[in-house]
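Some notes on the structure that comes next.
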Amino acid sequence: MLVEMLRTGMNSANEGFFAEGYVHKQVIDWIKEMLGFPETTGGVLVSGGSEANFTGLAVARNAKAEVDTKAKGVQALSRKMTIYCSDETHHCLERSVEILGLGNEALRWIPTDDDCRIRIDALKRAIEDDKKQNKHPFCIIGCAGTVNSGAFDELNALADLAKKENMWFHVDGAFGAWVKISKTHRHLADGMERADSIAIDLHKWMNMPYGIGCTLVKDRFAHYSTFVYGHEAKYLKSAFDQLKDQIINPHNLALPLSRDFTSLKAYMLLRAYGKNKYSNLVQQNIDQTNYLGELIRKEPNMEITAPVVSNIVCFRYKPKRLTEPELEKLNKMIYNDLNQISFWMVSDTMIKGKYMLRACNVNHRSQKQDFDFLVNEVKNIGEKIISQINL
Ligand SMILES: Cc1ncc(COP(=O)(O)O)c(C=O)c1O
């Protein structure tokens, strides 16, 4: 809150070498270091995961297009560009593809395996099919933590394939990239550091106030070239001959020109708590999530409905004698009653056509007993509903 006061009272100028530029650079450097990206990677803070993904894909499109998209646009393409992600990928990627003028028909939703990870065999087949039809496969999107179940794609396999096919490799790590700073689960993110671009949120698992996402891009010049104004915008002095300063200037690396001093929020929090503290908090959430998974497994009338991988438990109340449609109806009622208890917010979702409850544990203040309470409440509400209505 103090940072909000401070930053609101300060103006952030358009030049990278004023306070905002230095603070922004420091925050990007810390993020790169924590997530294991090379020192030479560039980056920009944006409003959240959606904009972070958009920013990465905009660079990908321009870098891989067979025409100068900045000058001629996608109208000049002779081969349609195609892009690939799993059917568990967040829909903000589809929105980005639409806004980038590629059309959502260019986005191939590849099926996932039982662990909710993209099926590499199906992905390879889709790329081959598109090449045969004279399309231009240009980008593979990997998930580092899916929104539904927190699953991680096999990022090394995706990086290998992208390299072989000369495609861009983008990772959506908005939800789960921070697993990298955990002690026990960092291996899930193996291969993430091979991405050409990655979208990250600091307002999700890092618990920072809303409005802080980040895009890292390895090819700094491709990033800069995508967003920088040309020589015609003389008043901004952002011409290519001042590359050294301007290539790290956040005003040249994302859609907004005028920006607020968002980087100060991230700077203060990272500076105050440090990597170790965040690492312990992320680990605590993972341990608690596993604890919740164990509690549910012990319950005869409850079942886990997706693999417990990082910070989410998908589950449902499941008395034995009920049919699938009855189970869906019952769990929808449990969901409604459960969230009347404003103690928390459990969400619901569908995975592979099955309705389920979703407990997503990214709150740094969660405590073990919260999960005992949750399981008891689901049981009590479930039993009460069953006794009241005829299922
Ligand atoms: C995996 C994933 N990607 C992207 C987003 C979009 O992020 P934001 O809400 O910060 O725009 C979300 C949001 O839940 C997400 O879970």
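The values are calculated or read from the model by the stated rules, or taken from the named source; none is laboratory data. Source: prediction; values computed, not measured. Positions of Cβ are backbone-derived with ideal geometry, glycine not excepted, and every protein chain shown enters the neighbour counts. Protein only, heavy atoms only, side chains kept; ligands, DNA and RNA dropped before computing areas. Shrake-Rupley method; radii C 1.70, N 1.55, O 1.52, S 1.80 Å.
Among the residues of region 206-217, those that are more than 10 Å from the ligand (Cβ to nearest atom) and in contact with a Gly (Cβ under 7 Å, 6 or more places away or on another chain) comprise Cys214, Thr215, Leu216, Val217. A search for C-beta distances below 6 Å between a residue of region 145-167 that is at positive phi and in a loop (DSSP other than H, G, I, E, B) and any residue that is aromatic (Phe, Trp, Tyr) and open to solvent by less than 30 Å² (accessible area, probe 1.4 Å), counting only pairs 6+ apart in sequence or on different chains, returns Gly145/Phe175.
Considering Asp130, Asp153, the condition of being assigned by TED's automatic domain parsing to the domain that holds Ala195 and away from the ligand (no atom under 15 Å from the Cβ) is satisfied by Asp130 alone. Considering only residues of region 339-391 that are part of a loop (DSSP other than H, G, I, E, B) and among the hydrophobic types (A, V, I, L, M, F, W, C), which is nearest to Pro319 (Cα to Cα)? This residue is Leu391.
Among all positions in region 58-67, there is at least one residue which is touching a Phe, Trp or Tyr at 6+ places or on another chain (Cβ under 7 Å), open to solvent by less than 40 Å² (accessible area, probe 1.4 Å) and either among the hydrophobic types (A, V, I, L, M, F, W, C) or within 16 Å of the ligand (Cβ to nearest atom) (or both). Take Gly21 and decide whether it is outside any loop (DSSP other than H, G, I, E, B), away from the ligand (no atom under 16 Å from the Cβ) and more than 30 Å from Gly353 (Cβ to Cβ). For Gly21, the condition - outside any loop (DSSP other than H, G, I, E, B), away from the ligand (no atom under 16 Å from the Cβ) and more than 30 Å from Gly353 (Cβ to Cβ) - is met. Among the residues making up region 170-186, a single one is in a helix (DSSP H, G or I), among the charged types (D, E, K, R) and either open to solvent by 30 Å² or more (accessible area, probe 1.4 Å) or within 10 Å of the ligand (Cβ to nearest atom) (or both): Arg186. Scanning region 189-203 for residues that are surrounded by fewer than 24 Cβ atoms within 10 Å (Cβ to Cβ) and within 16 Å of the ligand (Cβ to nearest atom) turns up just one, His203.
In this entry, Pro111 passes the filter for residues that are closer than 30 Å to Ile304 by Cα and either assigned by TED's automatic domain parsing to the domain that holds Val228 or open to solvent by 20 Å² or more (accessible area, probe 1.4 Å) (or both).
Of all the numbered requirements in (1) assigned to a helix (DSSP H, G or I); (2) away from the ligand (no atom under 16 Å from the Cβ), Asp114 misses one, and that requirement is (1). For Ser96, state whether it is in contact with a helix residue (DSSP H, G or I) (Cβ under 6 Å, 6 or more places away or on another chain) and within 16 Å of the ligand (Cβ to nearest atom). Considered against the rule, which asks whether it is in contact with a helix residue (DSSP H, G or I) (Cβ under 6 Å, 6 or more places away or on another chain) and within 16 Å of the ligand (Cβ to nearest atom), Ser96 comes out as yes.
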